[in-house]
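A.B. asks: Here's a structure for you.
The values are calculated or read from the model by the stated rules, or taken from the named source; none is laboratory data. No experiment lies behind these values; they were computed from the predicted model shown. Here the Cβ positions follow ideal geometry from the backbone for every residue, glycine too, while neighbour counts run over all protein chains shown. Surface areas here come from the heavy atoms of the whole protein model, side chains and all, with no ligands, DNA or RNA. Shrake-Rupley method; radii C 1.70, N 1.55, O 1.52, S 1.80 Å.
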Amino acid sequence: SKWALLFDALEADRWMLASSKWALPREGTRERFRSLFRMHGASRRGLGTAIRGAKAARTTQARPIPVPVPVPSPHRRPFPVPVPRGGRWLRSKAVCLGGHRPDLGRTRGTGSAGVQGVGLQGMTKRAGDAGLTAKAAKRGAQGQPMGRGETPPGGKLMGMAEVLSVRADRGQDHGAVQAYIVPSDDPHLCETPPACFRRRAWLSGFTGSAGTAVVTMPGALKQEQVPVEDPVEDPVEEPVEEPVDDDQPRGFLWTDGRYFLQAESELEGTGFELMRSGMPDVLEPIDWLAKRLQPGSKVGIDPMVFTVETARKYHEVLGAAGCSLVADPRGSGNPVDALWAQDGDRPRPGLPLGPLRVHPAEWAGETVEDKLTAVREEMEAEGAGTLLVSLLDEVAWLFNIRGADIENYTVAVAYAVVTRDRAVLFVSGEKATGAVEAHLAGAGVEVRGYDEGLVLEALAGDCKRGQKVWVDPAQCTFGLFDALLDILEDADAAPAPELGSSESEWRVLRDNDGAEFRYNGSTGEVVPVGKGPSPRPPTQTSKEHVLEAKSPIALLKAVKNSKEVEGMVEAHLMDGEALARFLHSLEERMDPKGSWSPTEYHIAEELEEERRRAGRGQFIEPSFPTIAGEGSNGAIIHYCPEEETSNRLGPNSMLLLDSGGQYTCGTTDVTRTVHFGEPTEHQRECFTRVLKGHIALATAVFPEGTPGFMLDSFARGSLWKDGLDYRHGTGHGVGAALNVHEGPQGISSRYSNTTGLKEGMIVSNEPGYYEDGEFGIRIENLVHVCKADTKNSFGGKDYLCFKDLTMAPIQKKLIVPEMLTGEETRWLNAYHQAVYDQVSPRVDGKVKAWLKAQCLAI
């Protein structure tokens, strides 16, 4: 019976067991049972925890375990593997994994079939998509073999440990590291990186936009004592403490409250443990490592995806704990890439080559020359002669161009360098069309290839002519910064050449061992550069040559000019038309009998088509993947429906719909929560409290320069009175025909963001409430920061307020009118009147009648 409980426990927790030899435990021998439990991969969890899980799982239908079919080794013959599935035995073929390293690559006898050591070359075709792919899991559940390139649970962790071990054997990474951090960031700190830089998502399986993965090597962590209630009935023995063993690599994934439910689902079977950031007793990654690692441990990072600011913080925290931060040597490459490159079915993509386009002058409001003049004035005021620009939206804004390298983002992968008399765009030449080339040439902008080496040469050349380089330590990567310091400190180096036409022909190439070469595509010349030295401690700098300060472009971009505001208004009117047509269509087709029940996925597709229709040629794409959460899925804050698994809407469904569009004139982001039947009183009360918070922020008046964290409680106050809250910020900045999430401004409880709100900024107003497993509520408008009409102006300051850009009705059946004050009711009626006045001329017939009914005063 204990053996059956063990199988149920492993099945409930989705552990992978594969062995042809099973030594059954003697009845009543607890020690033998524990030994067997540890031997087959469950050592990190106590026996009691597993069996309690098994007892709970027996009350529900346990999910079967996918069966791995790894790549055959020529040294091993297939053998049958018994795998428990729903109380029955399933015979499936598997093979042992061979490898090229005798100490790690071979399995012993006919024992473990896929988790024991994995050689680096033996990982070929087994490093699949993040964790188990949906198709692989489905096939495994049906008793079918997994496809090539699909990794069994924990396979990528073993592969990552192998890659790190190989690098240590080769003398890279300052010797062996005990932990390695894989953040979401790329060299340009994109919220959603290009596909080729989504290392954290590929490794861990978690696809949310915010998260940090940490891989620890065997034996790296201090022993953790976990109290466990022994579930095996034995009146003789007392409850024991089971130490958490650390005899294999471990993976941890940190993310915030927006993604808890999503991460729980996506991390299942990957071997990564979810760490809920922001919750009590959950330390942030670097603090957790400082506490849990053995003294003297080394933590590895890729310096090209960590900012100077972050690297310095990590260096300080680890140093205080007796540990050290070590960056990958220049040219060695990211270790995740070495593993990813061996994914036969889902290889790592190359750099994107989406075409550039010119952002129309009628919506830009300023010429490139005007923007460069403003930037140079800021540089002169700070005594800087050169500015490095690495954020993609800043590059796009500065040169009035837009790109197509990242889905939902109108940006291109590029760098820019601005001096007192020159501006250079570093971008792949294939992206620039004739119109773009003419546009940039007319503004005096030089175009060079996308190559960090060329960027460094441009910066170094100016420094050696006595000019300081302006670098934002919160935006520039530690790797780029460190390489710049190396060039500046090389006193014997010849002056960097001026950027000439021939420089665009040079590219940086690296071989499999990380050796670096410069290659000239025109002449065929190959110049070996070798591997660069390991980066210095991030605390070092060069005050003589480098100015460390916030980028001047961030604030210039955040404060919209009049034409940008006009473009945003027009985009929201087109969006309002699309939403009116779409919501009317949904309600019209949703009959009480439920004869029409679309999926969340299909309504997201429908809404995109309505935006395309309303845009009349100006709609480009959604500004982010549509969040269409029916019922319990609405409680997943950043839920994204998939075609195979999305819920169906019915006549009693509650739907949270968060969507937006990228138009040539502007960017939109709007959330509405609607109910197609009769909402419960609890749902109406929660919705009304969210609405009260939305109105409180919408009607706020505040001095110019007030940071967003001082306004956050306006939106939460009504929820707090009922003991409710939400786990996300209240507002984010939005770009003008650019990124839907834009800094530096924001409204949240994070007091670290001290950026003051200024006239011309655009932010979102989006309080919400989410009940896990039940429903989600959010009401979101984009608002424009305007000057308020106040009787006085204390201290000579301007006072500001918000003006709504979003034009979409708020469903009245979800409101409890008695809970609203007179002022709140007047705001709601005035808002609905504005929606009708501005959107109704764009619709007709039934849609116009529906809109009128939705906007009637209460």
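A.B. asks: Could you order Arg581, Arg348, Arg312 so the one with the most accessible surface comes first? Probe is 1.4 Å.
C.D. replies: Arg348, Arg312, Arg581
A.B. asks: Something else: Distance between the C-alpha centers of segment 654-669 and segment 557-619? Whole Å please.
C.D. replies: Taking the Cα centre of segment 557-619 as reference, the centre of segment 654-669 is 7 Å away.
A.B. asks: Which Cα, out of Trp397, Ala460, Met379, lies furthest along the positive dipole direction of segment 377-463 (beta carbon charges, K/R +1, D/E -1)?
C.D. replies: Among Trp397, Ala460, Met379, the one farthest towards the positive end of the dipole of segment 377-463 is Trp397.
A.B. asks: Once you sort the root eigenvalues of the Cα gyration tensor of segment 349-458 as a ≥ b ≥ c, which label holds: rounded (a/c under 1.5), prolate (a/b larger than b/c) or oblate (the other case)?
C.D. replies: Taking the square roots of the gyration eigenvalues as a ≥ b ≥ c, segment 349-458 is oblate.
A.B. asks: If ligands, DNA and RNA are left out, what is the accessible area of Met379 with a 1.4 Å probe, given in Å² to the nearest 10?
C.D. replies: Rounded to the nearest 10, the figure is 0 Å².
A.B. asks: I'd like the distance separating the alpha-carbon centroids of segment 405-459 and segment 724-789, in whole Å.
C.D. replies: So the two Cα centres are separated by 31 Å.
A.B. asks: Can you give the extra length, in nm with one decimal, that the chain gains between Thr699 and Glu642 once fully stretched, where that is 0.36 nm per residue apart less the Cα-Cα distance?
C.D. replies: So the extension gain works out to 16.8 nm.
A.B. asks: I want to make sure I understand the PRE zone here: with the label point 7 angstrom from the Cα of Ser324 toward its beta carbon, which residues in segment 286-318 have backbone N atoms less than 11 Å away?
C.D. replies: 296-299
A.B. asks: Compare Met304, Met217, Met160 by solvent-accessible area with a 1.4 Å probe and give them largest first, with all protein chains kept in place.
C.D. replies: Met304, Met217, Met160
A.B. asks: For the pairs Lys156/Lys313; Lys557/Lys797; Lys721/Lys852; Lys563/Lys812, flag any whose C-alpha to C-alpha distance is greater than 26 Å.
C.D. replies: Lys156/Lys313; Lys721/Lys852; Lys563/Lys812
A.B. asks: Using a 1.4 angstrom probe with every protein chain in place, what is the largest-first accessible-area order of Asp789, Asp345?
C.D. replies: Sorted descending by solvent-accessible area, the residues read Asp789, Asp345.
A.B. asks: Here is a follow-up. Heavy atoms of the protein only, probe of 1.4 Å, neighbouring chains included. What is the accessible area of Trp363 in Å², nearest 10?
C.D. replies: Counting only protein heavy atoms, Trp363 exposes about 40 Å² to solvent.
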